[in-house]
Amino acid sequence: MSSASSSSKKRLIIIISGLVAAAVFYIAWQYGGSEPVRPPVAEKKQEKSAAKSDIQPLATTAPMPTGQPGTQLTTAEEGDVLIDEILRSEKEIPQMARDLAELVKKLNGEAQVNASRHLVNLTSDEDYGLIAGLLVDQKTNPEVIEVLFSDLMNRERTLQLPLFLNILKNPQHPQNEEVENVMQILAGENFGKDMAAWEKWTNEELKTLQAQ
């Protein structure tokens, strides 16, 4: 009995060992030649990396230039140098005024305003044509027009009226409204937008002044 039982156990162990070996062999054969599945995380990382490379050139893009040709302003200091050259020259005052008038046309910003102040100081009534063109041009710097208009208010009435009428006829001129108020005071009545009536009054007033 003992010998038969021992022999049976050995056979059982051999059979179990054979089944286990067969199972291991089957599993190795089933999965040994298949490729590993790429983890989803790895794919997401790759996509993220590609997205990053797409936007990298934006970080290295050169900044746009902040200025454009012709937009640089003349500084007040630069303008003062040019004005000083004219004022220190040995030219006659009328020629200085002509030089300043040309300078006003070339300058801009604060330098232009400063030059216009010297221009009105050196320009006589006889040479007022140097100023008149700038004064009635609505494209002139409004700050310059203000300087020129303030000077006009201190000139002879015979010089003022034709320029007042010119400005009054131009609704876009910066001093249009102020001129209308001044003309109403001088005329003692308001002709509104009736330019023909304003022109008639101006001509009559000029004749009266010239007769005096």
Looking only at the range 50-108, count every residue that is outside any helix (DSSP H, G or I) and either modelled with pLDDT under 55 or within 33 Å of the chain's Cα centre (by Cα) (or both) and tell me the total.
18
Find the helices (runs of 4 or more DSSP H) located wholly in the range 140-194 whose residues include 3 or more that are within 18 Å of Leu130 (Cβ to Cβ), and list them.
142-152, 157-168
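Quick test for you: out of Asn114, Asn154, Asn121, pick the one residue that is at pLDDT 95 or above, out of contact with any strand residue (DSSP E or B) (no Cβ under 6 Å at 6 or more places or on another chain) and within 27 Å of Gly192 (Cα to Cα).
Details: Asn114 fails: within 27 Å of Gly192 (Cα to Cα); Asn121 fails: within 27 Å of Gly192 (Cα to Cα).
Result: Asn154 is the single residue among Asn114, Asn154, Asn121 that is at pLDDT 95 or above, out of contact with any strand residue (DSSP E or B) (no Cβ under 6 Å at 6 or more places or on another chain) and within 27 Å of Gly192 (Cα to Cα).
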Test result for Thr202, of a type in the set (Val, Ile, Thr), surrounded by fewer than 18 Cβ atoms within 10 Å (Cβ to Cβ) and assigned to a helix (DSSP H, G or I):
no
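The values are calculated or read from the model by the stated rules, or taken from the named source; none is laboratory data. Note that the structure is predicted; figures quoted are calculated from it, not measured. Cβ: placed from backbone, ideal geometry, glycine included. Neighbour counts: every protein chain shown.
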